[in-house]
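Step one of this worksheet: look at the structure below.
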Amino acid sequence: MRREAAYAAMTIAEHFRDEGKSVMLLMDSVTRFCLALREIGLLAGEPPASRGYTPSVFAELPQLLERAGPGIPANGKTGYITGIFTVLVEGDDHNEPVSDAVRGILDGHVVLDRRIGEAGRYPAIDILRSLSRSVPGCNSDIENALTRQARAAMALHADMSDLIKMGAYRIGADPSVDSAIRITKSIEQLLTQHHLERSDIAESFAALKDVLPILEDNCDGA
């Protein structure tokens, strides 16, 4: 039943997509779907492979997930299925077999980190470990430049975080690190959002541009 529920939901989504509608499909979770496939495979006599998952799990996973996306145009309309598939990682290991396979199939992933949530920042999204292959084609050149600059600053701060916490790094030793420290603090405040708070994309990029004065002149001239 756990296996067939996923296929039933996808089939219903495909029905509306074929009518030219845009469908949002949420599945919670791919991990439970794969656990059901593993149980079926083991009962059928398949040998366990990666962490006990049978080979048929990774053969069947793309057969479900790759059904999302655009459909065949009908009556001048093209329907779409936007799939949001959650993955419950085992022991916070984001390289475990299911999450690793899903990353290779889908267009992107949003990584939630319990440590960020425990620190009080919500939504608890790990920006550096999250990725979208579709976003660069959806955003403007200016927005992509702002995103790259913000991620570069956060990555540099993450690399230096241990030295900063131990007091081994002194302000003024490296201008790029000094800038990353200032920028990352502002970005963390920007990323904090109350569950009732609303903002649109334009407002978010405008706020990010204020945080990144280094790019301000380049963005104005782009």
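The values are calculated or read from the model by the stated rules, or taken from the named source; none is laboratory data. In this text the structure is predicted, and so the values were computed from the model without any measurement. Quick reminder, even Gly has a Cβ in these numbers, built from the backbone with ideal geometry, and neighbours come from all protein chains shown. Surface accessibility is based on the protein's heavy atoms, side chains included, excluding ligands, DNA and RNA. Shrake-Rupley method; radii C 1.70, N 1.55, O 1.52, S 1.80 Å.
Looking only at the chain, where both bridge partners belong to it, what percent of the DSSP beta bridges are antiparallel (to the nearest 5)?
On the way: 6 of 12 bridges.
Around 50 percent of the beta bridges assigned by DSSP in the chain are antiparallel ones.
Once both labels are modelled 7 Å past Cα along the beta-carbon direction, what's the SER29-SER50 spacing in nm?
In this crude label model, SER29 to SER50 measures out at 1.7 nm.
Applying the Karplus parametrisation 6.51 cos²θ - 1.76 cosθ + 1.60 with θ = phi - 60° to the phi angles of the stretch 170-179, what ³J(HN,Hα) value in whole Hz is obtained for each residue in order, glycine and proline being reported as x?
Calculated HN-Hα couplings, in order: 10, 4, x, 6, 8, x, 5, 6, 4, 5 Hz.
Taking the convex hull of the alpha carbon atoms in the stretch 54-166, what volume per residue do you get, in Å³?
Values: hull volume 16.4 nm³, N = 113.
Expressed per residue, the convex hull around the Cα atoms of the stretch 54-166 is 145 Å³.
Under the classification rounded if a/c is under 1.5, otherwise prolate if a/b is larger than b/c and oblate if not, where does the stretch 116-222 fall, given a ≥ b ≥ c as square roots of the Cα gyration tensor eigenvalues? Before the final figure, lay out the partial values.
Working: a/c = 1.87, a/b = 1.24, b/c = 1.50.
Because a/c hits 1.5 or more and a/b fails to exceed b/c, the stretch 116-222 counts as oblate.
Assuming 0.36 nm per residue, please report the length gained on full extension of the stretch LEU112 to GLU203 beyond their Cα-Cα distance.
Values: separation 91, 0.36 × 91 = 32.76 nm, distance 2.32 nm.
Once the chain is fully extended between LEU112 and GLU203, it gains 30.4 nm.
Which whole-number percent gives the relative contact order of the stretch 1-137, counting Cα pairs below 8 Å spaced six or more residues apart?
Values: 183 pairs, mean separation 33.4, N = 137.
Dividing the mean separation by the residue count of the stretch 1-137 yields 24 percent.
How large is the accessible surface per residue of the chain, computed with a 1.4 Å probe and reported in Å² as a whole number? Could the numbers behind the result be given before it?
Details: 13960 Å² over 222 residues.
Per residue, the chain has 63 Å² of solvent-accessible surface.
Over the stretch 1-74, with every protein chain in place, what whole percent of the accessible area is carbon and sulfur at 1.4 Å, could you tell me? Could you put the intermediate results ahead of the total?
Working: 2650 of 4260 Å².
About 62 percent, which is the carbon plus sulfur part of the accessible surface.
Add +1 for every Lys or Arg and -1 for every Asp or Glu among the other residues with Cβ under 15 Å from the Cβ of ASP92, and state the total.
-3
Starting from the Kirkwood Rh over alpha-carbon pairs, what translational D in µm² s⁻¹ does the chain have by Stokes-Einstein at 10 °C and 1.306 mPa s? Intermediate results must be reported in sequence, preceding the final value.
Values: Rh = 20.5 Å.
Result for D is 77 µm²/s.
Tell me which lysines have Cα within less than 30 Å of LYS209's Cα, excluding those fewer than 8 residues away on the same chain?
LYS165, LYS185
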